Amino acid sequence: MADEKLAENTESESAGTPGEAGSSPSRRSLLGWGGAGLALGAVAAGGAAVALRGDKDDAPMMSAAAAGAAVPFHGAHQAGVATAVQDRLHFAAFDVKTKDREELIRLLKDWTRAAERMTAGQPVGEGAFGGLPEAPPDDTGEALDLKPSRLTLTVGFGPSLFAKGRFGLEAERPEALVDLETFPGDNLDPARSGGDLCVQACADDPQVAVHAIRQLARIGFGKVAIRWSQLGFGKTSSTTPDAQTPRNMMGFKDGTRNISGTDTAALDKHVWVSAKDGADWMTGGSYLVARRIRMHIETWDRAPLQEQEDIFGRDKGEGAPVGKAKEHDEPFLKAMLPTAHVRLAHPDSNNGATILRRGYSFTDGTDGLGRLDAGLFFLAYQRDVRKGFIPVQRSLAKKDALNEYIQHVGSAIFAVPPGVRDKDDWWGRTLFA
């Protein structure tokens, strides 16, 4: 994967909790990010259109989304990895400010309890009103009356959390939690990279996702601070292979070979960490790579159609591989140009390297030259980045013709611990306990 590149490495999603058919989407689910005070303007409106598109193949998932269903929070694995990909994202990386290990543990416990409530559609703590008039309420209130909207919250720990002299975790750092190299063509912004902790909030209502990150940042005030964050709309990968394959902002179907969220064998082989992988506390977890990939939209839009299709190795209409009729036809890689994205990202070109993608499109206004700051916020989960993202990205970075039209500007890696099994469990217990 590289970002935009690992298109071929993944594409699937596990079905979310079914909702009641016939329910209509909430009014606020149509509003974009603005209702939470984080406006995405016209892009949010476009994202809302994507979120509500009615492809017949998406009917079961759309029914759950329209009903505002809740995704179970407790389980062996964290929700938000193999879960059916929702339509909106708010991702935040945090720096830990406290130097007190016990205070950090207390925060993780508080975050867990808050996440349990928010993913069930309930307010944090005692709620947004009815408490002491002299004290600020426990919840800010912008998600009151909104449904859970399949909200999932997924936490990860960055390499810097394991630094010597911080929290006594040096010996617990997994070998797979490597410091990502700078790949050819990278132009990484330190202000958009790294982080001690991350929280991935995905939901079908943007206000629900933004509210969740806002509450966790509020609970952590003085202990953690947001280092960087990213809003996303219009999922670019799917973990439900029977659903319509999403398109990225270049207009191409993306992630056709993504892992299905219901394919337990593939998940065990490529996504979930096993007991024999070392770092016992990570058993049942996964490793997340986040990459902010800017697309040179204006240049791409002037490229001839044939050149665009040659670059990807697929036709733009159906999404079929070169020389094939249907999108899901097995690609004949040698029929593609040696620099084609699909050919270079395919597992057969990378010794079987396979990842699970959960990427989103983004548009963050324009730069100083009036060009769209838009692209792909790439999220990839895998059992070991040394056998997943890294070899694929190395291949793409050196040869992919798509590199002329994209640039990686942000990068981070996190160890995502196993799930919270019950009400007495908490995020990170296996690491800290």
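What to note about this one:
- Any hit, region 130-145, residues being hydroxyl-bearing (Ser, Thr, Tyr), more than 30 Å from Glu404 (Cβ to Cβ) and in contact with a Lys or Arg (Cβ under 9 Å, 6 or more places away or on another chain): yes
- Filtering Ala225, Ala217, Ala191 for residues that are in a strand (DSSP E or B), of a type in the set (A, V, I, L, M, F, W, C), over 17 Å from the mean Cα position of the chain (by Cα) and surrounded by fewer than 21 Cβ atoms within 10 Å (Cβ to Cβ) leaves a single hit, Ala225.
- Only one entry of Ala39, Ala66 meets the criterion of being at pLDDT below 95, in contact with a Gly (Cβ under 9 Å, 6 or more places away or on another chain), part of a loop (DSSP other than H, G, I, E, B) and farther than 25 Å from Trp272 by Cβ, and that entry is Ala39.
- Exactly one residue among Lys164, Lys147 is basic (Lys, Arg) and without any contact (Cβ under 8 Å) to a residue 24 or more places away in the chain, and that residue is Lys164.
- The number of residues in region 334-360 being farther than 28 Å from Val85 by Cα and not polar (S, T, N, Q) comes to 5.
- Members of region 352-386 found to be free of Cβ contacts under 8 Å to residues at least 60 places away in the same chain, more than 26 Å from Val342 (Cβ to Cβ) and either under 12 Å from the mean Cα position of the chain (by Cα) or part of a loop (DSSP other than H, G, I, E, B) (or both), listed by number: Asp367, Gly368, Leu369, Gly370
- Count of residues meeting criterion [in a helix (DSSP H, G or I) and closer than 19 Å to Gly156 by Cα] in region 387-403: 2
- Yes/no for Gly419 being more than 24 Å from Pro184 (Cα to Cα) and not polar (S, T, N, Q): yes
- In region 264-315, the residues that are among the acidic types (Asp, Glu), farther than 29 Å from Gln230 by Cα and touching a residue at least 40 places away in the same chain (Cβ under 8 Å): Asp277, Asp280, Asp310
The values are calculated or read from the model by the stated rules, or taken from the named source; none is laboratory data. It should be emphasised that the depicted structure is a prediction, and the values quoted were computed from it without experimental measurement. Every residue, glycine as well, gets a Cβ built from its backbone with ideal geometry; the counts of neighbours run over all protein chains shown.
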